Amino acid sequence: MKKILVWFRRDLRLADNPALYAAKQHQLIPIYIHAPEEEAPWQPGAASRWWLHHSLAALAAELKKLGSRLIIRKGDSAAALLKLIEETGASTVYCNRLYDPATIKRDSAIKHILAEHDVEYKSFAASLLFEPWEVQTKTATPYKVFTPFWNTCQKLGLPSDIQPGIRKLPSVSMQINSVALDDLQLLPKIPWDKQFYQHWIPGEANAQKRLREFIKQNLTDYEHGRDYPAVSSTSRLSACLHFGEISPRQIVYAIEQAKHAGASSNVKKNAEGFLREVVWREFTHHILYHFPQTIKKPLNPHFENFPWANKANKYLRAWQRGQTGYPIIDAGMQELWASGTMHNRVRMIVGSLLTKNMNSHWLQGAKWFWDTLVDADLAQNTFNWQWIAGCGADAAPYFRIFNPITQSEKFDAHGEYIRRWLPALRHVPAKYIHSPWTMSTAEQQLYRVIIGKDYPAPIIELKTSREDALLRYKKTR
DNA sequence: TGAAATGTTGGGGCG
DNA sequence: ACGCCCCAACATTTC
């Protein structure tokens, strides 16, 4: 019987966890090593750390239920592994693969170090449906356009085979020390996270519950409903996926089941639409794996010398704080700040305003999202910011500039989402909610919001900033 | 997973 | 009844 260290990273689940499953017949010791600096410059942001703390707590509790124990260490991963090997006499390390540039580099170094110490290192595929190198064009090159990537994935067949759950695990000797979770200092010192508890319950159990609820309540209206931030029929599983509380295979499995059970063409259509979004996630990992430089530079080389106003953009702070004077923008930024997420439709609107109208470098937006989103994921964040800025793979065409007023009227017609996140506007009727500065002084008094005092006037003019953006983009073509 | 400008059509008011 | 204008509504083109 081998003694195996099962090294948890971003696979914080017990079900359908290949590394854990492969080790379960042996003497296994579940470990987590906290070494955020190894992911620099994209080490987890503040909101992600909040999630990570609670997700680790949940994992530790689940392991305990099965008779095991999570050993937490901190500091250099290689050193921590070697020390654990020395302490426990383990001969093997199992883990599930990560695909971003910093961890690929670290893990391959660790693989060599362990080999030098005669320790077996084995990695498994757990967080994607397809390995990034597995999906290829006919000429064996990576895809850069989504639709053909999607077609190929469908031809390959989205995998939905999942491993059965585990009922019992071997106990872990109390001789092995573990750092206390609190000592990782993942939670904020200033209690800005109070509202987070109303919005999220990190951990595997709740990820599964969320998936069931989504399928039951939202799937049949997904294609239409996902565009409306007030009602939102999105799955809200992105953070769970990022931390591996749920596997994409489990999602495909559950969706296929629903498809067969439902059988109506409506369920089929919406199920396919949702799976398409899951495959978008695959696509962003595919792109990051094959083009790791995109964490710094646009994929599209034409943007090498794009005149971004990247130094001290005068609008950036107002954008971050949700004080641009455009309600749909400010509501989104407020939702982000208060809850650690933002509805997908609104992410596109705020991203368009920042990169196009405000001419901010996409990295400025990427950095802010990185620190504030609970679902911050390097592949997704990088891809999506380059997408909206028009400089990435299969990107939004340069002329696609969202008008925050029009978008607001279309997708939050009654202003329900806006009022939820901007209490200053809660008495403003639908007629003015998308552009409150158009109210007369009397109306501002009537609806109890004085523009310029209780809520800002727009800080940027849409028409001219749009025209300026078009000129800049036209030149770079 | 746009928006704005420009073009076309058709109904109604009106001389 | 007819032509003309206006303009909303829709369609197409352009960025």
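Some observations on this one:
- Helix-only arithmetic for chain A: the sum of -39500 (n - 2.57) across DSSP H runs with n ≥ 4, divided by the residue total, places the mean residue ellipticity at 222 nm at -13500 deg cm²/dmol.
- Local electrostatic count at A:Phe283 - Lys and Arg +1, Asp and Glu -1, tallied over other residues with Cβ under 12 Å: 0
- Local charge for A:Arg345 was computed over the other residues whose Cβ lies under 12 Å away, with Lys and Arg +1 and Asp and Glu -1, and equals 0.
- Loop-located trypsin sites (Lys or Arg not before Pro) in the range A:51-156, at most 12 other Cβ atoms within 10 Å (DSSP): A:Lys138
- Look at A:Ser352, A:Ser265 and count the other Cβ atoms within 10 Å of each Cβ; fewest to most, that gives A:Ser265, A:Ser352.
- Distance between the 7 Å Cα→Cβ label points at A:Asp183 and A:Gln217: 4.0 nm.
- Each label was represented as a point 7 Å from its Cα along the Cα-to-Cβ direction; for A:Glu443 and A:Glu86 these points are 7.3 nm apart.
- Exposed-loop-free span, longest in chain A, where GluC sites (Glu not before Pro) count as exposed if DSSP calls them loop and at most 12 other C-beta atoms lie within 10 Å: A:1-303
- Debye log10 I(q)/I(0) for the range A:3-126, one point scatterer per Cα, at q = 0.13, 0.18, 0.22 Å⁻¹: -0.49, -0.99, -1.53
- Cα-based helix-to-principal-axis angle, A:248-262 vs chain A, degrees rounded to 10: 70
- A Förster radius of 30 Å combined with the Cβ-Cβ distance from A:Thr464 to A:Ala430 puts the calculated FRET efficiency at roughly 0.65.
- Charge dipole (debye, nearest 20) of the range A:306-364; +1 at Cβ of Lys and Arg, -1 at Cβ of Asp and Glu: 180
- D_trans [Stokes-Einstein, Kirkwood Rh over alpha-carbon pairs] for the range A:415-477, 10 °C, 1.306 mPa s, µm² s⁻¹: 119
- At most 15 other Cβ within 10 Å, DSSP loop - trypsin sites (Lys or Arg not before Pro), the range A:339-430: A:Arg400, A:Arg426
- Difference of contour (0.36 nm per residue) and Cα-Cα distance, A:Glu37 to A:Glu277: 83.3 nm
- Relative contact order, whole percent, for chain A stands at 17, derived from Cα pairs under 8 Å and 6 or more residues apart.
- Sorted largest first, extent of the range A:372-450 alpha carbons per principal axis (Å): 49, 31, 19
- Distance (nanometres) between label positions extended 7 Å along Cα→Cβ at A:Ser171 and A:His260: 4.1
- Each Cα pair under 8 Å and six or more residues apart adds its separation to the average, and for the range A:3-126 the resulting relative contact order is 36 percent.
- This ranking places A:Asp394, A:Asp11 by how few other beta-carbon atoms lie within 10 Å of each, fewest first, which gives A:Asp394, A:Asp11.
- Maximal additional length on extending the A:Lys105-A:Asp161 stretch stands at 17.2 nm, based on 0.36 nm per residue less the C-alpha distance.
- Taking Cα atoms only, the orientation of helix A:146-156 departs from the longest principal axis of chain A by about 30 degrees.
- Cβ-Cβ FRET estimate between A:Glu116 and A:Gln136, R0 fixed at 35 Å, reported to 0.05: 0.55
- Here is the size of chain A from its Cα atoms: Rg then Dmax, 23.7, 80 Å.
- As a proxy for reagent exposure, A:Asp76, A:Asp100, A:Asp183 were ordered by neighbouring Cβ count within 10 angstrom, fewest first; the result is A:Asp183, A:Asp76, A:Asp100.
- Under 5 Å from the amide H of A:Gln27 lie the amide H atoms of A:Lys2, A:Ile4, each residue being 5 or more positions distant or on a separate chain, with H modelled from the backbone and absent for Pro and chain starts.
- Student exercise, the range A:60-165 dipole from Lys, Arg, Asp, Glu Cβ charges, in Debye to nearest 20: 340
- Positive-end residue of A:Ile451, A:Ala318, A:Ser360, charge dipole of the range A:301-476 with Cβ unit charges: A:Ile451
- Using every pair of distinct Cα positions in the range A:301-476, the Kirkwood expression returns a hydrodynamic radius of 16.5 angstrom.
The numbers here are math on the coordinates, done by the rules we state, and not lab data. Please read these numbers as outputs of a predicted model, since none were measured by experiment. Cβ sites come from the backbone with ideal geometry, for glycine too, and all protein chains shown count toward neighbours.
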